[in-house]
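Step one of this worksheet: look at the structure below.
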């Protein structure tokens, strides 16, 4: 059957309420930025020891999720799975929107956001950060072209080529994001090449969780049919991705524990007496991993959209917690400056960090920017198929 | 009188301009000659370094070094920043050997690495190393991303968390940018030594050109046992320690 794409009507009270609600979060975030930039970072919880706080957690979470959200489109155009094809446009849109939200946070948390032009014109090609600036900008261009190929009927034949380019680019992009941490020789928590592939698999899970929630919400709110075949397939896939993330986390920590130089940081994260240990076990592993998998795979809950929605939400919350443990926990633990010696004064100890309200509001504002972009664009461009009922979307559908 | 056409006008003005430029450049050369060191280009022929003999330094010596740096470079008067947000271009660090219990106290600052991780990670080239080995931050290029602070193995860098007043003219600083020890580059370029080295009376802190075979630092390093902090990272630091 032919898929027909149609803008959502977007005239109801619900639509405007959503826009207004997200708008308030965005305004609050801009207010926070003004407050932090006007006073300086002393009003934040950040310090010379914990230099990247909650804003970076949200920023990297969204950037990682962005590249993952594109996977749904890649499965259709690179791996030729027809079921995913009607979802491709939305997949590209969610990817761009999440990246925009993440980058907004990253830029507004700079010490000198007014010097963005410097970051765009002065490149140190040895810097992984500089590569990332190029990768992010390139992602916008490539995904935009990819979407254009999808939208323009005459150019449809190039979709799979554009899709392959976008898929390759996103793998490189997430490798770059993970490598921000992977090559910091000074810090025990980070200096591991596994960070890059782990970030890629995290992106699969977070991006898909965002996609599922946005898909289910937009079809429910616009009262369009969404069949079980697609929803269940996406749910199963999410379960696989969550399991894969947990596998990488296990390998990373077990591998680290084998090396004497890393026992300190592993004890700190896994068995410490501070916030990071419960965040890791209860937040990341149980809430963000085991519970979503149970919700997805428990036979009694199969095909239940509420529990799939809850599972997706938990994957996202677990993802934010995972990045918090990696980014803030990794900085809180002191660097091994004098191996074999204990530092009594001047450095060392666990660095304190308590996020200020302004930082949290900025982070949430990034999510709001991503969501408002999706909300507006599905109103103005035909991203969503009119129907994703099983008889329309499922290529193997048989009338019973 | 012959009217001046355009070609003649250009010819004449060019000649006059060239003449003025020649004389003026002669004048400026003589002016600069009064401060010979500063006009010399920085070259790879030199590698500035510092040797700190921990056994010869008392704790109050180290405190004097910290105070001298603050006084010279104008940091430490921040009013809003919390303790862990205040700048620390140089600080007193006390370490205890886990086996023997031996305690050492030493001053720690930017180690001016030959292979500085902060320079590698800086996206805008604001973190940079001069030819003579001094590692600096270009405050005009720094966007305040703090990646260099993540990368530095010595916790040597500080982020300016608030507006600043009464800065030293030779050491401009700015809210939202990263800073660290400059090895008192403004003094070194005029033939001087860093403020922290100057304030210590004994030869516990020796500043000089590591490459110059006749320099005191070079000769001392040839004679005595010395270490680099985190030598395992192969960064080849310009600041060396003995006695730890």
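Using the Cα gyration tensor of segment B:48-242, with a ≥ b ≥ c the square roots of its eigenvalues, what is the shape: rounded (a/c below 1.5), prolate (a/b larger than b/c) or oblate (neither)?
Values: a/c = 1.45, a/b = 1.36, b/c = 1.06.
Taking the square roots of the gyration eigenvalues as a ≥ b ≥ c, segment B:48-242 is rounded.
How many Cβ atoms of partner chains, on average, are near each residue of A:108-121 if near means within 10 Å of its Cβ? List each step's numbers first, then the result.
Working: counts 0, 3, 6, 13, 11, 3, 3, 10, 1, 1, 8, 5, 1, 1.
Taking the mean over all residues of the peptide, I get 5.
Just A:99, A:30, A:259 to compare: in a GNM of chain A, with alpha carbon springs under 10 Å, which one fluctuates most?
Per the Cα network of chain A with a 10 Å cutoff, A:259 tops the list.
If you count, for every residue in B:108-117, the Cβ atoms of partner chains within 10 Å of its Cβ, what is the mean?
Working: counts 4, 0, 0, 0, 0, 0, 0, 0, 0, 4.
Mean partner shielding for this stretch: 1.
Be a star and scan segment B:159-174 for residues whose amide nitrogen sits under 18 Å from the point 7 Å along the Cα-to-Cβ vector of residue A:39.
What the label zone holds, given the 18 Å backbone N cut-off, is B:159-165.
Report the Cα centroid-to-centroid distance between segment B:145-194 and segment A:274-296 in angstrom, as an integer.
One Cα centre to the other: 42 Å.
So for the protein assembly as shown: antiparallel DSSP bridges make up what percent, rounded to the nearest 5? Present the calculation step by step, with values, prior to reporting the outcome.
On the way: 23 of 28 bridges.
So the antiparallel bridges amount to about 80 percent of the total.
Calculate, for residue B:226 and residue A:247, the FRET efficiency according to 1/(1 + (r/R0)^6) with r their C-beta to C-beta distance and R0 56 Å; round to the nearest 0.05.
On the way: r = 46 Å, r/R0 = 0.83.
Efficiency, rounded to the nearest 0.05: 0.75.
Under the definition of partner shielding as Cβ atoms of other protein chains within 10 Å of a residue Cβ, what is the mean value for peptide B:157-164? Walk me through the numbers before you get to the answer.
Working: counts 2, 3, 8, 4, 10, 5, 4, 1.
The shielding value for this peptide is 5.
Fewest to most neighbouring Cβ within 10 Å: what's the order for A:258, A:16? If you can, show how the numbers build up before the last one.
Working: A:258 9, A:16 12.
Least crowded to most crowded, the residues run A:258, A:16.
Once you sort the root eigenvalues of the Cα gyration tensor of segment A:1-127 as a ≥ b ≥ c, which label holds: rounded (a/c under 1.5), prolate (a/b larger than b/c) or oblate (the other case)?
Working: a/c = 2.83, a/b = 1.57, b/c = 1.80.
In terms of gyration-tensor shape, oblate.
Find the relative contact order for segment A:156-287 and round it to a whole percent, using C-alpha pairs within less than 8 Å whose residues are 6+ positions apart. List each step's numbers first, then the result.
On the way: 83 pairs, mean separation 23.7, N = 132.
Normalised by residue count, the contact order of segment A:156-287 is 18 percent.
FRET efficiency for residue A:155 and residue B:59, Cβ-Cβ distance as r, R0 = 60 Å, nearest 0.05? Provide the component values of the computation, followed by the final result.
On the way: r = 73 Å, r/R0 = 1.22.
In this case the efficiency is close to 0.25.
If I take every Cα pair under 8 Å that is 6 or more residues apart in segment B:48-242, average their sequence separation and divide by the length, what percent do I get for the relative contact order? Please list the in-between numbers first.
On the way: 349 pairs, mean separation 60.0, N = 195.
Result for segment B:48-242 is 31 percent.
Gap in Å between the Cα centre of segment A:192-206 and the Cα centre of segment A:7-76?
Segment A:7-76 and segment A:192-206 have Cα centres spaced 21 Å from each other.
From the Cα gyration tensor of segment A:186-261, with a ≥ b ≥ c the square roots of its eigenvalues, which class applies: rounded if a/c is under 1.5, or else prolate if a/b is larger than b/c, or else oblate?
On the way: a/c = 5.33, a/b = 3.01, b/c = 1.77.
Because a/c hits 1.5 or more and a/b exceeds b/c, segment A:186-261 counts as prolate.
On full extension of the chain, what length is gained from residue A:274 through residue A:354, given 0.36 nm per residue of separation minus the C-alpha to C-alpha distance?
27.6 nm
Every number in this text was worked out from the coordinates using simple rules, so none of it is lab data. Small disclaimer: the values here were computed from a predicted structure and weren't measured. Cβ atoms come from the backbone with ideal geometry, glycine included; neighbour counts cover every protein chain shown.
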